[in-house]
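Novice: To start, I am sharing the structure in question, which I have written as structure tokens.
The values are calculated or read from the model by the stated rules, or taken from the named source; none is laboratory data. Because the structure is predicted, anything quoted here is derived from the model rather than measured. Note that we place each Cβ from the backbone using ideal geometry, even for glycine, and neighbour counts take in every protein chain shown. Heads up: the accessible areas ignore ligands, DNA and RNA and are worked out on the full protein's heavy atoms, side chains in. Shrake-Rupley method; radii C 1.70, N 1.55, O 1.52, S 1.80 Å.
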Amino acid sequence: MGLVLIYLSSAALLESLSIYLVPHAVLRALLSSQFGFFLLLLGIPSGLYMLGWRGIDFFLWVLSPRLLVVDAQGLRSGKTSFLWRDLRSVVRIHDQDRMDFRHSHGKYRLRLHLWSDADHLEEHVTERVISTLLPRIHRQVVAGEEVAFGPLTLSEDGVALKRKLFQWDDIDSIRLQDSDDSGLASRTLFLTANGRLHKIDEEKIINSPVLLAYLAARLES
């Protein structure tokens, strides 16, 4: 799409020099449409932006390893690998369709859209993350510790948001909702407590699937 925008915009500009990249009738119809002004004014900058925003994925795909292995021990991709037992945190970045991991030996970015069956891959990886980190969270909470999940803090007393504690009996419901605003994907956590709704961008929540798994089990009990 970026290349198409650049090509059409160039065609419109070069026509004044009697250089025709597109048939005259087609170009006239395009410029007289509702997209004509946009094409002349912003076509080339928008095309360059799109190439930089998503075009880089092609080069990442070419340079990425041919095989990704996710099993009970860990994750391996080319020369990069880490064990689940060394995992410290994960953050889901929806707009770039990736999961950012921190482990004992560094960081790893899993770009889901570069791999076949990305939905199944994310589900499988998320299951591994939860099974690894959830027992640790349980032990910390039982020991009386406060566990931070970005803007949310979990403790035996309840969940704190912006220094306000919601005790377990105060929480009515909790859910995630996906949205797509002008092509920008996001996911929001909706926390309802004492009849009041609170919204938190999931990208700000560290270990979001682990927090959700803990809360789901705690609120059902």
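Novice: At 1.4 Å probe size, with the rest of the protein present, what percent of the exposed accessible area of segment 124-221 is carbon and sulfur atoms?
Specialist: Details: 2600 of 5600 Å².
Carbon and sulfur atoms account for 46 percent of the accessible area of segment 124-221.
Novice: So for segment 71-117, what percent of the C-alpha to C-alpha distances run longer than 11 Å?
Specialist: Values: 739 of 1081 pairs.
Counting pairs separated by more than 11 Å, the tail of P(r) holds 68 percent.
Novice: Something else about it: Calculated FRET efficiency, Lys79 and Glu146, Cβ-Cβ r, R0 35 Å, to nearest 0.05? Please list the in-between numbers first.
Specialist: Values: r = 38 Å, r/R0 = 1.07.
Plugging the Cβ-Cβ distance into 1/(1 + (r/R0)^6) gives 0.40.
Novice: A follow-up question, please. Plugging the Kirkwood radius over Cα pairs into Stokes-Einstein for segment 108-182, at a temperature of 20 °C and a viscosity of 1.002 mPa s, what D comes out in µm²/s? It would help to have the intermediate numbers written out before the result.
Specialist: Details: Rh = 15.2 Å.
D = 141 µm²/s.
Novice: How compact is segment 163-218 by the rule of thumb for globular proteins, expressed as Cα Rg over 2.2 N^0.38 Å? Mind dumping the intermediate values first?
Specialist: On the way: Rg = 12.2 Å, N = 56, 2.2 N^0.38 = 10.2 Å.
Cα Rg divided by the expected 2.2 N^0.38 Å: 1.20.
Novice: Glu203: net charge of surrounding residues, Cβ under 13 Å, Lys/Arg +1, Asp/Glu -1, itself excluded?
Specialist: Working: positive: Arg92, Arg98, Arg187, Lys199, Lys204; negative: Asp95, Asp97, Asp100, Asp178, Asp201, Glu202.
With Lys, Arg at +1 and Asp, Glu at -1, the net is -1.
Novice: Answer with one residue from Asn207, Phe149, Thr132: the one whose Cα lies farthest towards the positive end of the charge dipole of segment 118-221, charges on Cβ with Lys, Arg +1 and Asp, Glu -1.
Specialist: Farthest towards the positive end: Phe149.
Novice: What would the Debye equation give as log₁₀ I(q)/I(0) for segment 75-221 at q = 0.09, 0.12 Å⁻¹, counting only Cα atoms as equal point scatterers?
Specialist: Those come out to -0.30, -0.53, one per q.
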